[in-house]
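Written out below as structure tokens is the structure these notes cover.
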Amino acid sequence: MGESQKITMAHGSGGSATRMLVEELFQKNFGNDALDKMEDAAVIDVPSGKIAYTTDSFVVTPIFFQGGDIGKLSVCGTLNDLLVMGATPKYLTAGFILEEGMDMKDLEEIVKSMAAIARDTNIKIVAGDTKVIEGKGGIYINTSGLGFINQKPLHTSNVKPGDAVILSGTLGNHHACILSQRMNIENTISSDCAYLGEMVQNLIKEEIEIKTMRDVTRGGLATVLNEIADGSNTTIGLLEENIPVDPEVKSFCDILGLDPLYMANEGKLVCFVPQEDAQKALNIIKNSNYGEKAAIVGEVIKREDVAVTVTTRIGGKRILKALQGEGLPRIC
Amino acid sequence: MINIEEIKRFLIEYTGPKIKLMEVCGTHTGSIVKNGIRSLLSPSIKLVSGPGCPVCVTPSNYIDLLMKYAESKKYAILTFGDLIRVPGTKASLSEAKASGGSVEIIYSPMDAVEIALNNSEKNYVLAAVGFETTIPAYALLLDKLTEMEITNVKLFTSLKTIGPALDWLCKSEPDIDGFIAPGHVASVTGTSVYNYLANKYHKPFCIAGFSAEHILVAIYDLVVQTSNARHEVHNLYRSIVSDKGNPKAMKIIEKYFEPSSVYWRGIGVIDHSGYVLRKAYMDYTIEFPSEEKAILKESNGCRCGEVIIGRIEPKECPLFGKVCTPVNPIGPCMVSHEGTCGIHYNMHE
């Protein structure tokens, strides 16, 4: 598109270069009735009842990785946040902060990848913004999302002793994929970046009583479960041998001293259901997209002195705290 | 032949005299906590962690000097991630970075080659910290630097060898009954150092891998040996560790480095317990300034020094979990993935 192959400060000036970028890239790919009006704000129809509304910023490097890119991540991440609140995602906004020197082709690929997910999931990207800053050609994306809630909103406090904990798939893939690329380690680990709408719709369609759901992103399963246990005043007991981790991810973690329980995922959810629904819910998830490796990984018990415990493969007991500080790769 | 279930039963039901065992390597500490090994032991078997985390034994004025280089703008620092949050006497490299100092995280010493080539106008100081497991990688880097005549990278070393530190420990902490010897280090050095120590101090050593089973078997072995007053070196990790170690790795270490008496945080100077660059390669190093050597200040109140020799448990340090947490570490043991305090804090032990 256009003559320029790189993003320059002019693309963020608000002048003709900005207009060209908006029209020939963003509108061309995202176009819909609300966006196409090109006014200062999108005007959308909202049904009566509650809406879920969220925002998230995406700063990942590398911007392209096995299994996705920053664009796909920015759409799926926000949509999944809406989804796990029991909402049906409908609208997104997208704010782009581009660094001068960004390759136009890369930007186009990222935008197309966002548009593809929006199209597949029937979501409209209704408003956006672009700024250009000095830098080394990087890109940061903020997306905000809006979804409609038809049922009782899901809340952590719904979780009760006896509930089963279902994890929708393997842990650590996204984190290991990004780290591998940063470290120039060649492997076939692919990010799990995905929108989990079909899985959740199937659970709702089959009338599973979902107590609460969370997407298992930064901080990993350990951190999410600590929040749920604290929020519901329960203790969650996990069985290590039931927690799915791909063998290649496991080897990668063993070498670097990482723990999949604390690693970020971008297409996994953890779902709490009554024990009697557990097997049925598991089967539904397993038969949904991105759920084939799902497993019942633990159960909720009455509050003990700690929030989350794991019975290790060897039969030991380990206490799982929320992630503290940052996950730095170790030295040897 | 005893199986793992019988070993587990033996270890939980053990009622003999109290036994104190040390796992030397930080990776063992991590695995012990991760697998909940302590919950599988009788209260009479106590595990303490040793000085096998390279970051934890690095003196605080080493960090101060790195910060000085970072802040001088003359140098950019290349470092593994572990080191950047380790506090010196005043602050850490991450603070130097936030104030505009140049600090880059590398994942392998070899990363320095590309960085130096791509930024030939800059001068780099590589924070070369580690044991025999990492030292060959620094030697391979020196191979590349000399071969490609790259002159804008200098190593600032804090390199350690575990044998003399264990010798010091056997002497000064006689109540440690036996040692789970570090598997990775032994894969480079071989087993002779442990034979020497076992005979000298009449303590059993068991070289183990890092799986839960390996560690349980090693503990079992050390308990049985202790109970029978034996002091042998047993190698459970033969798939990786041969008696001779890795002569090729040792050879390349010796090509570039020579033994030196170095300072261990919490311990002091131990004779011949480290490596520095040989005189012929002085152009590739920044020496520890001699006037700095006597300054061995530690952070106020921090008892990391006693933690790494197994004298106290992390929770016995008054700072542990209160002012010193992984988010705001006061001592190095709270920072590193292999640091005992950090592991204990995160795992709620």
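Tabulated data
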| quantity | calculated |
| --- | --- |
| Enumeration of residues in the range B:100-136 that are more than 13 Å from chain A (Cβ to nearest Cβ), outside any loop (DSSP other than H, G, I, E, B) and surrounded by fewer than 18 Cβ atoms within 10 Å (Cβ to Cβ) | B:L117 |
| Residues of the range B:197-223 satisfying the condition of being away from chain A (no Cβ under 12 Å) and closer than 16 Å to B:S242 by Cα | B:F205, B:C206, B:I207, B:A208 |
| Residue within the range B:307-326 that is within 9 Å of another protein chain (Cβ to nearest Cβ) and either among the hydrophobic types (A, V, I, L, M, F, W, C) or in a loop (DSSP other than H, G, I, E, B) (or both) present | yes |
| Of all residues making up the range A:110-135, the number that are without any contact (Cβ under 8 Å) to a residue 60 or more places away in the chain and among the β-branched types (V, I, T) | 2 |
| Residues (assigned to a loop (DSSP other than H, G, I, E, B), of a type outside the set (S, T, Y) and under 14 Å from A:D215 (Cα atoms)) located in the range A:154-199 | A:L154, A:H155, A:G169, A:L171, A:G172, A:D192, A:C193, A:A194, A:L196 |
| From B:G36, B:G50, residue being within 12 Å of chain A (Cβ to nearest Cβ) and modelled with pLDDT under 95 | B:G36 |
| Hits in the range A:285-298 - residues which are crowded, with 24+ Cβ neighbours inside 10 Å and hydrophobic (A, V, I, L, M, F, W, C) | A:I285, A:A294 |
| Those strands (runs of 3 or more DSSP E) lying entirely in the range B:173-259 with at least 2 residues crowded, with 19+ Cβ neighbours inside 10 Å and aliphatic (A, V, I, L, M) | B:178-182, B:205-208 |
| Members of the range B:18-33 found to be closer than 19 Å to B:G81 by Cβ and facing chain A (nearest Cβ under 9 Å), listed by number | B:G26, B:T27, B:G30 |
| Tally of residues being within 13 Å of chain B (Cβ to nearest Cβ) and assigned to a helix (DSSP H, G or I) across the range A:236-250 | 3 |
| B:K97, sole failed condition from (1) under 26 Å from B:E306 (Cβ atoms); (2) part of a helix (DSSP H, G or I); (3) within 14 Å of chain A (Cβ to nearest Cβ) | (1) |
| Residue that is farthest from the chain's Cα centre (by Cα) [pool: residues in the range B:269-286 that are among the aliphatic types (A, V, I, L, M) and buried (at least 17 other Cβ atoms within 10 Å of the Cβ)] | B:I286 |
| Any hit, the range A:101-113, residues being part of a strand (DSSP E or B) and in contact with a Phe, Trp or Tyr (Cβ under 6 Å, 6 or more places away or on another chain) | no |
| Test: residue in the range B:170-193 that is touching a Leu at 6+ places or on another chain (Cβ under 8 Å), of a type outside the set (F, W, Y) and closer than 23 Å to B:I63 by Cα | no |
| Meets criteria (in contact with a strand residue (DSSP E or B) (Cβ under 8 Å, 6 or more places away or on another chain), modelled with pLDDT of 95 or more, closer than 20 Å to B:I252 by Cβ and away from chain A (no Cβ under 12 Å)) for B:L155 | yes |
| Some residue of the range B:65-78 being facing chain A (nearest Cβ under 9 Å) and either over 25 Å from the mean Cα position of the chain (by Cα) or within 25 Å of B:K160 (Cβ to Cβ) (or both) | no |
| Filter pass, B:G88 being surrounded by fewer than 16 Cβ atoms within 10 Å (Cβ to Cβ) and assigned to a loop (DSSP other than H, G, I, E, B) | no |
| Qualifying residues in the range A:218-244 (those that are surrounded by fewer than 21 Cβ atoms within 10 Å (Cβ to Cβ) and of a type in the set (A, V, I, L, M)) - the one nearest to A:K268 (Cα to Cα) | A:I243 |
| Residue match in the range B:60-78 (condition: closer than 20 Å to B:C341 by Cβ, in contact (Cβ under 8 Å) with a residue 40 or more places away in the chain and part of a loop (DSSP other than H, G, I, E, B)) | no |
| Filter result (within 17 Å of B:G130 (Cβ to Cβ) and in contact with an Asp or Glu (Cβ under 8 Å, 6 or more places away or on another chain)) within the range B:30-53 | B:G30, B:G50, B:G52, B:C53 |
| Which listed residue, of A:K50, A:K37, A:K28, is farther than 30 Å from A:R218 by Cα, basic (K, R) and within 27 Å of the chain's Cα centre (by Cα) | A:K28 |
| Leading residue by the ranking (farthest from the other protein chains (Cβ to nearest Cβ)) among those in the range A:251-263 that are buried (at least 20 other Cβ atoms within 10 Å of the Cβ) and part of a helix (DSSP H, G or I) | A:F252 |
| All positions within the range A:305-325 that are at the interface with another protein chain (Cβ under 7 Å from one of its Cβ atoms) and either in contact with a Gly (Cβ under 6 Å, 6 or more places away or on another chain) or not aliphatic (A, V, I, L, M) (or both) | A:T312, A:R313, A:G315, A:G316, A:K317, A:R318, A:K321, A:Q324, A:G325 |
| Residue in the range B:1-11 that is surrounded by the fewest Cβ atoms within 10 Å (Cβ to Cβ), counting only those that are more than 10 Å from chain A (Cβ to nearest Cβ) and aliphatic (A, V, I, L, M) | B:M1 |
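Every residue, every condition in (1) part of a loop (DSSP other than H, G, I, E, B); (2) exposed (fewer than 14 other Cβ atoms within 10 Å of the Cβ), yes or no:
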site	(1), (2)
A:T18	no, no
A:F26	no, no
A:D40	yes, yes
A:T54	no, no
A:L73	no, no
A:G77	no, no
A:M85	yes, no
A:T93	no, no
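The values are calculated or read from the model by the stated rules, or taken from the named source; none is laboratory data. All figures in this text were calculated on a predicted structure; none of them were measured in a lab. Don't worry about glycine lacking a Cβ; one is built from the backbone with ideal geometry, like all the others, and counts go over all protein chains shown.
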